[in-house]
Amino acid sequence: MRIICVAGARPNYMKIKPVMDALERRGAEVVLVHTGQHYDESMNDVFFRDLGIRPPDRFLGVGSGTHAVQTGRVMAAFEPLLDEVAPDAVVVVGDINSTLACALVTAKAGPLLAHVEAGLRSRDWSMPEEVNRVATDRVSDYLLAPSPDAAVNLRAEGYRDDQIHVVGNVMIDTLLANLERARASDVLERYGLRRGEYGLVTLHRPANVDDPASLTALLKALGEIADRVPLLLPVHPRAADRLAELGVPGGIRLVPAAGYLDFIALQDSARVVLTDSGGIQEETTALGVPCVTLRDNTERPITVEQGTNVLAGRDPERIVATVNRVLDDPPAARCPQLWDGHASDRIADVLLEGGTARSRPRPTDLRDSADSV
């Protein structure tokens, strides 16, 4: 069986690596396609090195652009490649523009399409990622959900049971496979940090960093928190210019964006993590590290319901109060079911045992036709 695995940006790499490995262990021919949505050293090369991902078989080099331009470039570049490679299936992960673009091309070309992290919903239609998630699920044959709540979302939206598979979280596969290597990192020594004596911050969502007023308010809150616990902020390229313009309060230390192993080490040793990233909500839950999410919503509510994550919103006073409460009384650590390091094995089993585009129902077939298979 020939399967294309698509990656395009930093959030994808940790998700696609274990899936590729599991498929290849079972004898599948895996073609890795990198769209080039992320392409600089800090967001791309270091992750390939840290994770041991082989060089991509195909690199599309689409680069930056508006949502429409970037999505269109990926579609135009992926279409002839798909025709040439003629895969049995295509695997897309996450919710970036490359995910949606390759999903649409695959759906029109005919191979089976599998979406890893299907069913996640923030209920925030202003988030481009939410549109990408919903549209990708709609054209996918396999909806590979990381947790039961995602499967509940999919069933409520009318997807058939034969499409939905709760497989667990591939991010946690990568985390557990690399945790001891991360703990061997010297990143704490490099930054003069001690375990449990600092907070870690990440900011990259447009709602948080593109509007100067919103970012200024967040920095004010972080400055108050830094009076109690010093904060380390690895700077995402998206936020670098804004932070340089506004400046940061005392107690907040800006450092370059970290590679995968260094960043896991920083999370693992932090007293608290403040973030607007979905993936970091999951990683801190698996690590048992208190996390305060600087957003009004999350597409990963299971991290709030069962993990260490607390949703604080973006109001400065609420953020400060939430962090103080978490520091005084950290939430108990609980890891969701199937976040056990074997999600990719379950995904490989689904894909390799699920039939072909000719033998299984397609996304818009009715339930009775699926039941008869």
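Computed from the coordinates by the stated procedures, all read-outs in this text should not be read as laboratory data. What you see is a predicted model; the values in this text were computed from it and never measured. Cβ sites come from the backbone with ideal geometry, for glycine too, and all protein chains shown count toward neighbours.
Structure summary
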| item | result |
| --- | --- |
| Distance between the stretch 30-90 and the stretch 97-149 - C-alpha centres, whole angstrom | 17 |
| Average Cα contact separation per residue, the stretch 43-172, under 8 Å, 6 or more apart, as relative contact order % | 18 |
| The chain: relative contact order as a whole-number percent, Cα under 8 Å and 6+ apart | 16 |
| Built amide H within the under 5 Å cut-off of residue 253, gap 5+ | 231, 232, 233 |
| Span from the the stretch 157-190 Cα centroid across to the the stretch 302-333 one, whole angstrom | 22 |
| Percent of Cα-Cα distances greater than 20 Å, calculated over the stretch 242-367 | 58 |
| Chymotrypsin sites (Phe, Trp or Tyr not before Pro) within the stretch 79-176, DSSP loop, no more than 12 other Cβ atoms inside 10 Å | 125 |
| Highest-fluctuation residue, 68, 240, 286 considered, GNM on the chain with Cα pairs under 10 Å | 68 |
| Ratio of Rg to Rh over the chain (Cα coordinates, Kirkwood Rh, two decimals) | 0.97 |
| Percent breakdown of C-alpha pair distances by 5 Å bin, ordered from the shortest bin, for the stretch 23-98 | 3, 13, 22, 26, 20, 12, 3, 1 |
| Largest-first ellipsoid semi-axes for the stretch 303-373, taking √(5λ) over the Cα gyration tensor eigenvalues, angstrom | 44, 17, 10 |
